[in-house]
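Here's the structure we're looking at; comments come further down.
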Amino acid sequence: MIGNVSRRGLLQGVTMGLGVLALPIQAASQVRARIVIVGGGFGGASAARTLVQLLPSAEITLIEQNARYTACPFSNLVIGTDRPLSAQEFTYETIQSSGVTIIAKRAASVDAGEQTVTLEDGSQVSYDRLILSPGVDMRWGALEGYSQAASQVLPHAWKAGHQTQLLKDQLNALEDGETVIMTVPPAPYRCPPGPYERASMIAHYLKANKPRSKLIVLDAKDSFSKMALFQEAWAEHYPDHLEWRGAINDGALSRVDANLKTVYTDFDELSAAVINVIPPQKAGQIADHAGVSDLTGWCPIDPLTFESTLQPKIHVIGDATIAAPMPKSAFSANLQAKVCAFAVARLLVDLEPMATTLANTCYSYTAPDEVISIAGVYTNHDRTLASVSGAGGVSPLAADKAVRRAEAAQASHWFETITNEAFG
């Protein structure tokens with residue numbers, strides 16, 4: 001188990017690691033650079049708030065088309081419990097009041113040579129350094145039959161907001177005894193344990209509200225993050241309401257038909273009243289337009305500065321990056337944003353970027369009041385991201401209920417802390 005003391009030690013170690021990146025106060029106060037951030041999620045918002053503190057005289061601009069951000073962490077509780085969607089929504093008022101310029105428009109393209117971002121209305125914003133935090137987009141068409149139109153019938157709910165509510169409404173309309181199917185793609189995708197938390201929450205909902213219904217999970221993989229812990233919880237809580245099929249048991253999807261509400265594997269076809277298709281993913285579209293994504297669909301970066309290895313003076317943070325072994329998570333995005341902000345600030349005052357320590361903790365609900373977690377610690381020394389051997393850890397198997405409930409309290413505190421850090 002990762003106890004309270006070791007969690008504090010982990011976070012203190014990360015904070016101390018960032019502390020060595022501090023700037024000379026006089027040099028920082030003289031920077032007049034134009035720093036543009038595209039994307040207002042945990043990565044972009046955290047980068048903006050960090051930079052405005054580090055470089056008080058710089059011109060910091062955050063481009064985000066949505067007036068409110070809807071957080072993915074805890075959104076599975078919206079689907080499976082009575083948590084309101086409004087609890088996931090955050091505004092940019094605090095960021096704006098701190099001195100960051102907010103442009104509420106969509107960034108349409110980037111000219112790396114001219115160092116400009118073109119907005120949806122054709123206007124341009126110039127930058128000296130650009131930070132992209134585009135999150136993920138779905139790979140429409142990568143799964144035969146699954147398109148943006150199909151997602152209105154077979155929701156993915158992998159971007160929180162309308163899709164979250166759509167899946168919740170479909171579950172509410174489900175007749176008791178009808179089947180629910182959820183599909184999980186091959187890695188990589190946003191939040192590795194997220195599908196299995198969602199499976200837990202859907203199974204909880206069925207057990208409490210539609211006790212004759214069942215969830216079938218079709219997975220393109222045979223193993224996943226915190227697998228033993230999830231399976232232990234499923235055996236305890238949902239033996240009659242959740243069936244998981246890995247790739248070896250014909251769990252990998254080959255195509256879907258939204259009109260028939262049917263999914264197909266190599267050897268089977270299954271129909272259901274509600275089908276949650278989590279499709280293959282890629283970096284958000286602006287990454288393609290900026291020329292920072294490669295043939296994998298993700299963005300290679302220098303782990304020391306998070307600068308793109310494909311385009312100079314453009315940095316990429318969060319889910320869009322190729323940053324293994326760090327997972328694609330809100331915790332990772334928040335910390336990558338801070339490391340990137342310090343690196344950008346040092347570069348702008350002609351100081352070399354410095355290596356530091358990064359971390360990630362991922363909480364997953366297995367029941368409304370029970371949580372399991374996994375944590376990792378990483379270094380970016382020698383411009384390579386690597387796990388720190390012996391650091392981090394995972395929740396214990398066969399733990400007392402008090403342990404799982406204590407982790408639920410930690411998860412709630414973490415969400416409050418990280419959203420306050422990012423959005424105020």
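Each value in this text was obtained by applying a stated rule to the coordinates, not by laboratory testing. Everything quoted here is computed from the prediction, not taken from an experiment. Cβ atoms come from the backbone with ideal geometry, glycine included; neighbour counts cover every protein chain shown.
Just subtract the alpha-carbon distance of residue 369 and residue 397 from 0.36 nm times their residue separation and send over the number in nm, one decimal. Walk me through the numbers on the way to the answer.
Details: separation 28, 0.36 × 28 = 10.08 nm, distance 1.67 nm.
Length difference between fully extended and current span is 8.4 nm.
For a label point 7 Å from the Cα of residue 249 along Cα→C-beta, name the residues of the range 182-218 whose backbone N is under 17 Å from it.
Output list for this probe position: 182-185, 196-197, 199-200, 203, 214-218.
Given 37 °C and 0.692 mPa s, compute D for the range 262-383 with the Stokes-Einstein relation, Rh being the Kirkwood radius over Cα pairs; round to the nearest whole µm²/s. Walk me through the numbers before you get to the answer.
On the way: Rh = 16.8 Å.
Answer from the Stokes-Einstein relation: 196 µm²/s.
Would you mind checking the range 222-256 for residues with the amide N under 20 Å from a putative spin-label position 7 Å along Cα→C-beta of residue 209?
237-243
Give the share of C-alpha pairs in each 10 angstrom bin for the range 88-229, from 0 to the last occupied bin, in whole percents, shortest bins first.
9, 28, 29, 20, 12, 3, 0
Going by amide H atoms built from the backbone, whose H comes under 5 Å of the H on residue 132, apart from near neighbours?
Those lying under 5 Å, H to H, from residue 132 are 38, 315, 316, 317.
Expressed in nm to one decimal, what extension gain is obtained for the pair residue 148 and residue 388 from 0.36 nm per residue of sequence separation less their Cα-Cα distance? Could the numbers behind the result be given before it?
On the way: separation 240, 0.36 × 240 = 86.40 nm, distance 4.00 nm.
Residue separation times 0.36 nm, minus the Cα-Cα distance, leaves 82.4 nm.
I'd like the antiparallel share, as a percent to the nearest 5, of DSSP beta bridges with both residues in the chain.
Working: 37 of 69 bridges.
Close to 55 percent.
Give me, ordered by chain and number, the residues 5 or more places off residue 221 or on other chains with an amide H under 5 Å from its own placed amide H.
Amide H neighbours of residue 221, under 5 Å, 5+ apart: 247.
Rounded to the nearest whole Å³, what is the per residue volume of the convex hull around the Cα atoms of the range 113-171? Could you put the intermediate results ahead of the total?
Numbers: hull volume 8.1 nm³, N = 59.
Dividing the Cα hull volume of the range 113-171 by its residues yields 137 Å³.
Considering Cα pairs under 8 angstrom that are at least six residues apart, work out the relative contact order of the range 150-277 and quote it in whole percent. Provide the component values of the computation, followed by the final result.
Values: 212 pairs, mean separation 39.9, N = 128.
Once normalised by length, the contact order is 31 percent.
For a test of the definition: using alpha carbon positions, the gyration tensor, and the 1.5 limit on a/c, classify the range 147-207 as rounded, prolate or oblate.
It comes out oblate by the Cα gyration axes.
With θ taken as phi - 60° and the coefficients 6.51, -1.76 and 1.60, list the Karplus ³J(HN,Hα) couplings across the range 107-115 in order, rounded to whole Hz; mark glycine and proline as x.
So the J values, rounded to whole Hz, are 7, 8, 7, 10, 10, 5, x, 7, 6.
In sequence order, what are the phi-derived ³J(HN,Hα) couplings for the range 329-346 according to the Karplus relation 6.51 cos²θ - 1.76 cosθ + 1.60 with θ = phi - 60°, rounded to whole Hz, with x for glycine and proline?
Values per residue, Gly and Pro as x: 8, 5, 4, 4, 4, 4, 6, 4, 4, 5, 4, 4, 4, 4, 5, 4, 4, 5 Hz.
Given R₀ = 35 Å, FRET efficiency for residue 123-residue 82 by Cβ-Cβ distance, to 0.05? Working shown, then result.
Details: r = 43 Å, r/R0 = 1.23.
Once rounded, the FRET efficiency stands at 0.20.
Starting from the 7 Å offset along Cα-to-Cβ, what nm value, one decimal, do you get for the label separation of residue 421 and residue 285?
3.1 nm
HN-Hα J couplings of the range 211-221 from phi, Karplus 6.51/-1.76/1.60, θ = phi - 60°, integer Hz, Gly and Pro as x?
Rounded to whole hertz, the list is x, 8, 8, 8, 9, 10, 9, 9, 10, 6, 10.
Which angle between 0 and 90 degrees, to the nearest 10, do you get for helix 227-237 versus the longest principal axis of the chain when only C-alpha atoms count?
The angle comes out near 40 degrees.
Based on alpha-carbon atoms only, what is the radius of gyration of the chain relative to the globular estimate 2.2 N^0.38 Å? Let's see the in-between values first.
Values: Rg = 21.6 Å, N = 424, 2.2 N^0.38 = 21.9 Å.
Output field value: 0.98.
Projected onto the charge dipole of the range 150-277 (+1 at Lys/Arg Cβ, -1 at Asp/Glu Cβ, origin at the Cα centre), which of 256, 160, 241 gives the Cα projection farthest towards the positive end?
Looking along the dipole axis, the top candidate is 160.
Against the longest principal axis of the chain, how steep is helix 42-54, in degrees 0 to 90 to the nearest 10, with axes from Cα atoms?
Relative to the chain, helix 42-54 is tipped by roughly 20 degrees.
Taking amide H positions as placed in the peptide plane 1.01 Å from N, state which residues far from residue 367 in sequence (5 or more) or on other chains have amide H under 5 Å from it.
Close amide H contacts, sequence-distant or interchain: none at all.
Can I get the semi-axes of the range 150-277's equivalent ellipsoid? Compute them from the C-alpha gyration tensor as square roots of 5 times the eigenvalues, in angstrom, largest first. If you can, show how the numbers build up before the last one.
Values: eigenvalues 72, 65, 46 Å².
Square roots of five times the eigenvalues give 19, 18, 15 Å.
Give, rounded to the nearest 20 debye, the magnitude of the charge dipole that the chain has about its Cα centre when Lys and Arg contribute +1 at Cβ and Asp and Glu contribute -1 at Cβ. Write out the running numbers ahead of the final one.
Numbers: 33 positive and 42 negative charges, 150 e Å.
Rounded to the nearest 20 debye, it is 720 debye.
Once the piece of chain linking residue 32 and residue 324 is laid out straight, how much longer is it, given 0.36 nm per residue of separation minus the C-alpha distance between them?
On the way: separation 292, 0.36 × 292 = 105.12 nm, distance 3.39 nm.
Here the answer is 101.7 nm.
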